[in-house]
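Nothing in this text is a laboratory measurement; each read-out follows from the coordinates by a stated rule. Here the structure is a predicted model, which means the values were calculated and not measured. Quick reminder, even Gly has a Cβ in these numbers, built from the backbone with ideal geometry, and neighbours come from all protein chains shown.
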Amino acid sequence: MTASTTQQIILTGDRPTGPLHLGHFVGSLRNRVAYQHDYRQYIMLADAQALTDNMEDTGKVHRNVVEVALDYLAVGIDPAKSTIFIQSQVPELAELTFYYLNLVTVARLERNPTVKEEIRLRGFERDIPAGFLTYPASQAADITAFKAHVVPVGEDQIPMIEQANEIVRRFNRLAGRDILVECKALVPEIGRLPGTDGKAKMSKSLGNTINLGASEAEIRAAVKMVYTDPLHLRVEDPGHLEGNVAFLYLDAFDPDKAALAEMKAHYVRGGLGDSVVKKRLDLVLQELLAPIRARREEFAKDRGQVMQMLKEGTMVARETAAKTLDEVRAALGLSYF
Ligand code: TRP
């Protein structure tokens, strides 16, 4: 990026409902670490959004704010480059949400594929908290408050970005000028990691995760359980790669692509046992996670310092959001004095 181009802005975030895992790492964390050098990056701990389906367990959300912040620091998010902040402490976002809710219909919210899938997973049926149904409007507020151009997220968040852009277009049309900025989702090639059990998605609620802070023994135990090829009974049998989680993980994490290609060919031909594949996977994951775990432990020694960092980041974020809110209010005829 040259000095003459205006700097591109990133806004992204996670709900702090549990520790981050390899799914987050693949879906967005790797991109956030890589992009923080060239973009002005804001990373939000979406505690308020997390409450939309956790009002019965607010303590869980509260506790996980610092845990997720530790995960960010551990993977290499640098607070000198990225502004990390807490959503609930930026009330400007709530006010923006309040206005944006008038720019979406209930029917459109009900059609949002991400919301639909989450409603199904949570078994809400008809008893959907209104705040949950409408959280795409709040997510649009998060993104637009910072006039973000780019949002690094996992594949499942694409409908959220589409809906945010619809709100932006409607708002700008009503305002008669481009106050808000449309954004692009930044989704990596491997945008979703299956769970260790072979289910489509790695997710805490499905209990099929490998956490970024996992111990050596936890990694080893998880790798043992990884779903492979149920038809591959004897070593000499030909193996299948489709849906084979061990190979999907190696695709995502093994730096030696040439050796991996050879291993795949051997597996498909027959004569390569799952234990060899899993041994490689264990090695790759241990090497990936050992430095992350070490950095996490280091930062975890001083949670007070982590909270101080979040406080400073939140102050910076608030200033930016307040500027956008002023413009939005003015455009809506809501400035009087
Ligand atoms: N919906 C995201 C999640 O489920 C969290 C989130 C809230 C977010 N606001 C955002 C992500 C804005 C990107 C941009 O984890």
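Scanning the chain for DSSP H helices at least 24 Å long along the axis (C-alpha atoms) with a Kyte-Doolittle mean no lower than 0.0 picks out 58-75.
Within the P(r) computed for segment 213-297, what percentage of the Cα pairs occupies the region above 14 Å? Every Cα pair in segment 213-297 considered, those over 14 Å come to 62 percent.
If we count every other residue with Cβ under 15 angstrom of Glu182's Cβ, Lys/Arg +1 and Asp/Glu -1, where does the sum land? Write out the running numbers ahead of the final one.
Working: positive: Lys147, Arg169, Arg170, Arg173, Arg177, Lys184; negative: Asp142, Glu162, Glu166, Asp178.
So the environment of Glu182 carries a net charge of +2.
Once backbone amide H atoms are built at 1.01 Å from N, Ala185 has Val151 as its partners under 5 Å, excluding neighbours fewer than 5 places away on the same chain.
Given Cβ point charges of +1 (Lys, Arg) and -1 (Asp, Glu) and nothing else, what value in debye, to the nearest 20, does the dipole of segment 134-192 about its Cα centre take?
300 debye
Round to the nearest 0.05 the FRET efficiency obtained for Glu218 and Ile190 when R0 = 25 Å and r is the Cβ-Cβ distance. After rounding, the FRET efficiency stands at 0.65. Beta bridges from DSSP with both residues in segment 1-84: antiparallel share about 0 percent, rounded to the nearest 5. Rounded to the nearest 20 debye, the dipole magnitude of segment 213-297 is 180 debye, with +1 charges on Lys and Arg beta carbons, -1 on Asp and Glu beta carbons, and the Cα centre as origin. Percent antiparallel among DSSP beta bridges with both residues in the chain, to the nearest 5? Percent antiparallel among DSSP bridges in the chain is about 5. One Cα centroid belongs to segment 212-260, the other to segment 12-75; the line between them spans 27 Å. For segment 156-236, a Kirkwood hydrodynamic radius built from all Cα pairs, placed in the Stokes-Einstein relation at 20 °C and 1.002 mPa s, yields a translational diffusion coefficient of 130 µm²/s. From helices alone, the chain scores -16500 deg cm²/dmol at 222 nm; the rule is -39500 (n - 2.57) for each run of n ≥ 4 DSSP H residues, then divide by the residue total. Computed over the Cα atoms of the chain, the ratio of the radius of gyration to the Kirkwood radius (Rg/Rh) comes to 1.01. Ellipsoid semi-axes for segment 72-194, based on the Cα gyration tensor and the rule √(5λ), read 23, 21, 15 Å when sorted largest first. Counting only Cβ charges, +1 for Lys and Arg and -1 for Asp and Glu, the dipole size of the chain around its Cα centre is about 300 debye.
Between Arg269 and Ser335, the simple label model (points 7 Å from Cα in the Cβ direction) yields a spacing of 7.1 nm.
Charges on Cβ only, +1 for Lys and Arg, -1 for Asp and Glu, centred on the Cα centroid of segment 213-297; of Phe247, Ala261, Leu281, which one is farthest towards the dipole's positive end? Going by the charge dipole, the pick is Leu281. Cross-link pairs exceeding 29 Å in C-alpha to C-alpha distance, out of Lys60/Lys201; Lys116/Lys278; Lys147/Lys199, comprise Lys116/Lys278; Lys147/Lys199. Dipole orientation for the chain: of the candidates Ala322, Ile84, Gly207, Ala322 has the Cα lying most toward the positive pole (charges on Cβ; Lys, Arg +1; Asp, Glu -1).
In a fully extended conformation the segment linking Arg108 and Glu162 would gain 18.3 nm over its present Cα-Cα distance, using 0.36 nm per residue.
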